[in-house]
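Colleague: This structure is in structure tokens; I'll ask about it shortly.
The values are calculated or read from the model by the stated rules, or taken from the named source; none is laboratory data. Bear in mind the structure is a predicted one, so any value in this text is a computation, not a measurement. So basically every Cβ, Gly included, is an ideal-geometry build from the backbone, and we count neighbours across all protein chains shown.
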2 protein chains.
Amino acid sequence: MSSRFLGNSIKFNNVYIVSTGTTCGPLEFQGPLGTYFDKGFNDHHCGEDSFEKAERKMLRDSLDICLKREKLKYKDIDIYLGGDLMNQNTTVHYLAREITKPFIGIYGACSSFALSMGLSSLLIEAGFVNQAIAMVSSHNATAERQYRYPVEYGVQKKPTTTFTATGAVSTLLTHQPTQVRVESLTLGRVIDYSQDDPNDMGRAMAPAAFDTITTHFQDLKRSFKDYDLVVTGDLSTYGHQILKEMLQRQKIDVVHYNDCGCMLYDTQKQEVFQGGSGCACSALVTMGYLYPQLKEKKLKRVLVVATGALLSPMMSAQKESIPCVAHAISLEVVE
Amino acid sequence: MSSRFLGNSIKFNNVYIVSTGTTCGPLEFQGPLGTYFDKGFNDHHCGEDSFEKAERKMLRDSLDICLKREKLKYKDIDIYLGGDLMNQNTTVHYLAREITKPFIGIYGACSSFALSMGLSSLLIEAGFVNQAIAMVSSHNATAERQYRYPVEYGVQKKPTTTFTATGAVSTLLTHQPTQVRVESLTLGRVIDYSQDDPNDMGRAMAPAAFDTITTHFQDLKRSFKDYDLVVTGDLSTYGHQILKEMLQRQKIDVVHYNDCGCMLYDTQKQEVFQGGSGCACSALVTMGYLYPQLKEKKLKRVLVVATGALLSPMMSAQKESIPCVAHAISLEVVE
């Protein structure tokens with residue numbers, strides 16, 4: 001029996017986006033895409049008494065906005081999938097207590113957006129469930145203190161550093177036709193080019209993005225020209241330049257390409273170093289900014305290559321390099 | 001369109017176990033099931049210079065044993081799914097660098113065994129892939145220093161504590177008939193009964209096991225009598241007693257029931273407090289001990305309810321209670 005996967009990719013026939021909810025922190029709200037998000041908070045605490053609870057509030061709000069648009073309740077959804085950056089997927093799991101429906105925790109670091117959307121799509125395409133919610137979140141202050149140092153220490157940053165986006169996105173997928181569908185998924189391999197600097201994630205992740213993009217093109221016999229836009233998750237200014245060079249060295253014509261980490265912020269004016277990262281980065285740009293353009297048919301087909309550095313601070317302390325992964329989904333207007 | 005899920009459960013028609021590999025640490029090797037495991041290490045370092053690398057070695061060995069049995073290489077498998085307890089799924093992701101095939105990171109704490117087996121089964125049942133490897137690991141020393149204190153501190157333990165099992169299990173699943181199949185999956189809800197003591201996981205997880213078992217019975221119209229054996233993941237002596245009482249209070253006849261945490265060790269003679277926990281606990285007992293009995297038809301059908309405490313030490317410090325989950329799979333002899 002031949003499987004439905006073409007290499008590491010699969011084409012979907014029956015997966016549609018119904019609704020989404022996007023929430024963000026102050027810098028994302030003040031950034032160039034700020035007006036596209038459903039809700040922006042003016043401070044990093046979001047009215048909660050810890051950053052971790054603030055992240056959970058953003059995620060809950062994104063879910064409530066997503067469901068309210070369709071007049072649905074938590075219990076109306078068959079299954080929830082999600083991940084975040086906090087150790088042991090804290091944000092999604094602690095929120096899942098309130099949901100009382102089956103929950104699948106996934107982890108792909110900043111690639112979790114595409115992984116949760118992709119796995120949800122697989123379950124719907126197979127006819128296993130009718131509706132699934134994919135959700136992700138990240139928070140600058142929770143990620144900084146977990147992966148680097150608490151922001152209060154004021155540790156000086158390397159210029160290659162990226163800035164974890166503060167935000168959350170929930171997306172409802174079903175098998176019933178809407179205006180925009182998830183058209184394909186390419187699952188990533190874990191790639192490690194021996195980069196070991198946790199303050200230079202873009203360089204570490206670029207090879208994973210390269211691998212997934214070239215695999216996607218090969219599996220589905222496509223090129224950049226088949227997309228109105230190709231975005232990588234969060235390589236940011238420096239990393240996305242590396243990726244471009246890697247692609248061009250293979251004689252690949254790079255057109256309509258941008259990086260969510262560069263789009264979410266004004267990297268010239270806002271203090272975000274190389275640009276954005278975190279699960280929320282590609283999720284906010286895709287579902288907040290690109291999805292409405294797909295609905296309005298300003299874009300017809302986009303490829304989202306969410307990148308993730310599968311970094312463990314414990315292993316960095318043991319002098320190991322950083323494994324990275326990129327999962328890609330394509331979104332398409334339903335004609 | 002009706003989905004294929006019956007409530008939170010699904011029955012499979014085309015998912016079979018081909019092969020498995022089981023590795024364990026010294027206490028598991030000396031325990032009552034020690035002779036059933038493929039490879040036992042005599043010390044917690046497994047010849048590596050850190051506990052984290054030791055855990056990875058155990059996982060790699062389990063994968064190599066699993067594949068060698070079928071004369072397969074890493075690249076022959078369509079997809080890998082896995083999870084472990086180390087922050088950011090360290091063990092599986094750092095090993096995945098060597099695999100160079102699509103990798104899906106899942107996280108369900110100690111329930112990750114059933115979650116990875118269940119998701120692999122969904123992908124095979126749908127015809128998306130032909131072969132999948134589900135893999136999990138845990139290591140007492142890596143888990144202790146992450147969730148509690150480094151073992152070297154010699155912190156005194158509460159009698160309600162469970163003991164994280166040291167071991168790793170890889171399992172190859174396909175759509176081609178073998179002697180034993182994965183017959184069904186029940187995905188768990190995240191349940192929290194306001195237990196906040198990270199040294200009393202059994203009590204925290206029992207309600208999640210209760211929810212998944214009763215849901216499984218309701219969805220598939222079954223009872224304990226439909227199984228030759230029902231095992232919970234790692235409630236251990238105290239927690240499995242709580243679960244029994246919860247079930248009996250609902251007039252449910254509890255027969256053929258045991259807990260993997262009580263089976264993996266001799267809780268009277270070995271210093272493991274209430275018994276075993278960790279991803280490897282239910283995985284070792286199921287794939288090392290029960291699977292051979294299914295192959296030999298000594299058991300016909302078993303239900304494995306892998307429980308997981310989705311604990312974040314950060315949230316425990318913030319006085320939050322512990323979210324828990326249990327995912328269940330049933331394994332059946334192919335007649």
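Colleague: Taking the residues in the range A:149-177 that are of a type in the set (D, E, K, R) and outside any helix (DSSP H, G or I) as candidates, determine which candidate is farthest from A:GLY202 (Cα to Cα). Please lay out each step first, then the result.
Modeller: Applying the first criterion (of a type in the set (D, E, K, R)) to the range A:149-177 yields A:152, A:157-158.
Keeping just the survivors that are outside any helix (DSSP H, G or I) gives A:157-158.
Working: A:LYS157: 15, A:LYS158: 13 Å.
That would be A:LYS157.
Colleague: Is it fair to say B:ALA306 is within 14 Å of another protein chain (Cβ to nearest Cβ), in contact with a Cys (Cβ under 9 Å, 6 or more places away or on another chain) and among the aliphatic types (A, V, I, L, M)? Before you say what the answer is, go through the steps one by one.
Modeller: Details: within 14 Å of another protein chain (Cβ to nearest Cβ): yes; in contact with a Cys (Cβ under 9 Å, 6 or more places away or on another chain): yes; among the aliphatic types (A, V, I, L, M): yes.
Answer is yes for this residue.
Colleague: Ok, one more. Just a yes or no: is a residue in the range B:91-102 modelled with pLDDT under 95 and either in contact with a Lys or Arg (Cβ under 9 Å, 6 or more places away or on another chain) or more than 9 Å from chain A (Cβ to nearest Cβ) (or both)?
Modeller: The initial filter retains those residues of the range B:91-102 that are modelled with pLDDT under 95, namely B:100.
Still in the running and either in contact with a Lys or Arg (Cβ under 9 Å, 6 or more places away or on another chain) or more than 9 Å from chain A (Cβ to nearest Cβ) (or both): B:100.
Scanning the range B:91-102 turns up at least one residue that is modelled with pLDDT under 95 and either in contact with a Lys or Arg (Cβ under 9 Å, 6 or more places away or on another chain) or more than 9 Å from chain A (Cβ to nearest Cβ) (or both).
Colleague: Kindly list the number of the only condition in (1) at pLDDT 95 or above; (2) part of a loop (DSSP other than H, G, I, E, B); (3) over 21 Å from A:GLU144 (Cα atoms); (4) not hydroxyl-bearing (Ser, Thr, Tyr) that fails for A:ASP266.
Modeller: (3)
Colleague: Still on this structure, I have one more. Checking the conditions here, which among A:GLN156, A:GLN176 is among the polar types (S, T, N, Q) and modelled with pLDDT of 90 or more?
Modeller: Numbers: A:GLN156 fails: modelled with pLDDT of 90 or more.
Going through A:GLN156, A:GLN176 in turn, just one is among the polar types (S, T, N, Q) and modelled with pLDDT of 90 or more: A:GLN176.
Colleague: Does the range B:221-237 contain at least one residue that is of a type in the set (Val, Ile, Thr) and over 16 Å from the mean Cα position of the chain (by Cα)? Full working, then the answer.
Modeller: Step one: of the range B:221-237, the residues of a type in the set (Val, Ile, Thr) are B:230-232, B:237.
Still in the list and also over 16 Å from the mean Cα position of the chain (by Cα): B:237.
So far as the range B:221-237 goes, yes, one or more of its residues are of a type in the set (Val, Ile, Thr) and over 16 Å from the mean Cα position of the chain (by Cα).
Colleague: Further, regarding this structure: If I go through the range A:279-314 residue by residue, how many of them are at pLDDT below 95 and outside any helix (DSSP H, G or I)? Even if it seems obvious, please write down each step before you answer.
Modeller: Within the range A:279-314, the subset at pLDDT below 95 is A:311-314.
Filter again for outside any helix (DSSP H, G or I), leaving A:311-312.
Result for the range A:279-314: 2.
Colleague: Quick check on the range B:97-109. Is at least one of its residues touching a Pro at 6+ places or on another chain (Cβ under 9 Å) and within 20 Å of A:HIS327 (Cα to Cα)? Please lay out each step first, then the result.
Modeller: Residues of the range B:97-109 touching a Pro at 6+ places or on another chain (Cβ under 9 Å): B:97.
Adding the requirement that they be within 20 Å of A:HIS327 (Cα to Cα) leaves B:97.
Within the range B:97-109, one or more residues are touching a Pro at 6+ places or on another chain (Cβ under 9 Å) and within 20 Å of A:HIS327 (Cα to Cα).
Colleague: Working only within the range A:1-22, note down all residues that are at pLDDT 95 or above and touching a Gly at 6+ places or on another chain (Cβ under 6 Å).
Modeller: If the condition is that a residue be at pLDDT 95 or above and touching a Gly at 6+ places or on another chain (Cβ under 6 Å), then A:THR22 is the only one that fits.
Colleague: Go through (1) at the interface with another protein chain (Cβ under 7 Å from one of its Cβ atoms); (2) of a type outside the set (A, V, I, L, M); (3) touching a strand residue (DSSP E or B) at 6+ places or on another chain (Cβ under 8 Å) one by one and return the number of the condition B:ASN87 breaks.
Modeller: Looking at each condition in turn, B:ASN87 falls short on (3).
Colleague: Another question, if that's okay. Hey, among B:VAL151, B:VAL136, which residue is over 30 Å from B:VAL230 (Cα atoms) and more than 11 Å from chain A (Cβ to nearest Cβ)? If you could, list the steps in order and put the result at the bottom.
Modeller: Working: B:VAL136 fails: over 30 Å from B:VAL230 (Cα atoms).
Going through B:VAL151, B:VAL136 in turn, just one is over 30 Å from B:VAL230 (Cα atoms) and more than 11 Å from chain A (Cβ to nearest Cβ): B:VAL151.
Colleague: Which residue pairs have Cβ atoms under 9 Å apart, sit 6 or more places apart or on different chains, and have a first residue in the range B:62-74 that is more than 19 Å from B:ALA283 (Cβ to Cβ) and a second that is aliphatic (A, V, I, L, M) and in a helix (DSSP H, G or I)?
Modeller: B:LYS73/B:LEU67; B:TYR74/B:LEU63; B:TYR74/B:LEU67
Colleague: Yes or no: A:LEU247 in contact with a strand residue (DSSP E or B) (Cβ under 8 Å, 6 or more places away or on another chain) and either charged (D, E, K, R) or in contact (Cβ under 8 Å) with a residue 24 or more places away in the chain (or both)?
Modeller: Numbers: in contact with a strand residue (DSSP E or B) (Cβ under 8 Å, 6 or more places away or on another chain): no; either charged (D, E, K, R) or in contact (Cβ under 8 Å) with a residue 24 or more places away in the chain (or both): yes.
No, not satisfied.
Colleague: Shifting gears a bit: Of the residues A:PRO150, A:PRO159, which is over 25 Å from A:VAL325 (Cα atoms) and touching a helix residue (DSSP H, G or I) at 6+ places or on another chain (Cβ under 9 Å)?
Modeller: Answer to the check: A:PRO150.
Colleague: Additional query: Any idea which of B:LYS225, B:LYS221 is in the same structural domain as B:SER316 (by TED's automatic domain parsing) and free of Cβ contacts under 8 Å to residues at least 24 places away in the same chain? Can you show your working first?
Modeller: Details: B:LYS225 fails: free of Cβ contacts under 8 Å to residues at least 24 places away in the same chain.
The conditions single out B:LYS221.
Colleague: Oh, and also: Considering every residue within the range B:123-133, establish whether at least one is within 13 Å of chain A (Cβ to nearest Cβ), of a type outside the set (Val, Ile, Thr), within 23 Å of A:ALA109 (Cβ to Cβ) and out of contact with any helix residue (DSSP H, G or I) (no Cβ under 6 Å at 6 or more places or on another chain).
Modeller: Of the residues in the range B:123-133, the ones within 13 Å of chain A (Cβ to nearest Cβ) are B:123-132.
Imposing the further condition that a residue be of a type outside the set (Val, Ile, Thr) reduces the set to B:123, B:125-128, B:130-132.
Imposing the further condition that a residue be within 23 Å of A:ALA109 (Cβ to Cβ) reduces the set to B:123, B:132.
Within this subset, residues satisfying the condition of being out of contact with any helix residue (DSSP H, G or I) (no Cβ under 6 Å at 6 or more places or on another chain) are B:123.
Yes; the residues of the range B:123-133 include at least one that is within 13 Å of chain A (Cβ to nearest Cβ), of a type outside the set (Val, Ile, Thr), within 23 Å of A:ALA109 (Cβ to Cβ) and out of contact with any helix residue (DSSP H, G or I) (no Cβ under 6 Å at 6 or more places or on another chain).
Colleague: So is A:GLU55 over 20 Å from A:PHE29 (Cβ atoms) and touching a residue at least 60 places away in the same chain (Cβ under 8 Å) or not? Before you say what the answer is, go through the steps one by one.
Modeller: Details: over 20 Å from A:PHE29 (Cβ atoms): no; touching a residue at least 60 places away in the same chain (Cβ under 8 Å): yes.
So A:GLU55 does not fit the description; no.
Colleague: Further question on the same structure: Just to verify a result, which residue in the range A:312-335, among those that are more than 8 Å from chain B (Cβ to nearest Cβ) and in contact with a His (Cβ under 9 Å, 6 or more places away or on another chain), is farthest from A:MET287 (Cα to Cα)? Don't jump to the end; show me each part of the working.
Modeller: If we filter the range A:312-335 for residues that are more than 8 Å from chain B (Cβ to nearest Cβ), which is where we start, we get A:316-317, A:319, A:321-322, A:324, A:326-335.
Retained after the next criterion (residues that are in contact with a His (Cβ under 9 Å, 6 or more places away or on another chain)): A:328, A:330.
Working: A:ALA328: 14, A:SER330: 12 Å.
Across the range A:312-335, the extreme among qualifying residues is A:ALA328.
Colleague: Can you find, within the range B:22-39, the residue that is farthest from the chain's Cα centre (by Cα) among those that are hydroxyl-bearing (Ser, Thr, Tyr) and buried (at least 18 other Cβ atoms within 10 Å of the Cβ)? So that I can check it myself, show each step before the final result.
Modeller: Initially, the range B:22-39 is screened for residues hydroxyl-bearing (Ser, Thr, Tyr), giving B:22-23, B:35-36.
Then keep just the ones that are buried (at least 18 other Cβ atoms within 10 Å of the Cβ); that gives B:22-23, B:36.
Numbers: B:THR22: 12, B:THR23: 14, B:TYR36: 16 Å.
Only one residue fits best here, namely B:TYR36.
Colleague: When the range B:279-322 is examined, which residues are found to be within 13 Å of B:PRO198 (Cα to Cα), of a type outside the set (Gly, Ala, Ser) and either within 17 Å of the chain's Cα centre (by Cα) or surrounded by fewer than 23 Cβ atoms within 10 Å (Cβ to Cβ) (or both)? Quick ask: steps written out before the conclusion?
Modeller: Of the residues in the range B:279-322, the ones within 13 Å of B:PRO198 (Cα to Cα) are B:308-322.
In the following step, the residues that additionally are of a type outside the set (Gly, Ala, Ser) were identified as B:310-311, B:313-315, B:318-320, B:322.
Passing the criteria: B:LEU310, B:LEU311, B:PRO313, B:MET314, B:GLN318, B:LYS319, B:GLU320.
Colleague: Let me ask something else. If only one of B:VAL255, B:VAL230, B:VAL272 is in a loop (DSSP other than H, G, I, E, B), surrounded by 17 or more Cβ atoms within 10 Å (Cβ to Cβ) and touching a residue at least 24 places away in the same chain (Cβ under 8 Å), which one is it?
Modeller: Values: B:VAL255 fails: surrounded by 17 or more Cβ atoms within 10 Å (Cβ to Cβ); B:VAL230 fails: in a loop (DSSP other than H, G, I, E, B).
Only one candidate passes the filter, namely B:VAL272.
Colleague: If you scan the range B:178-194, which residues turn out to be away from chain A (no Cβ under 12 Å) and part of a loop (DSSP other than H, G, I, E, B)?
Modeller: Residues of the range B:178-194 that are away from chain A (no Cβ under 12 Å), as a first pass: B:178-184.
Result: B:THR178, B:GLN179.
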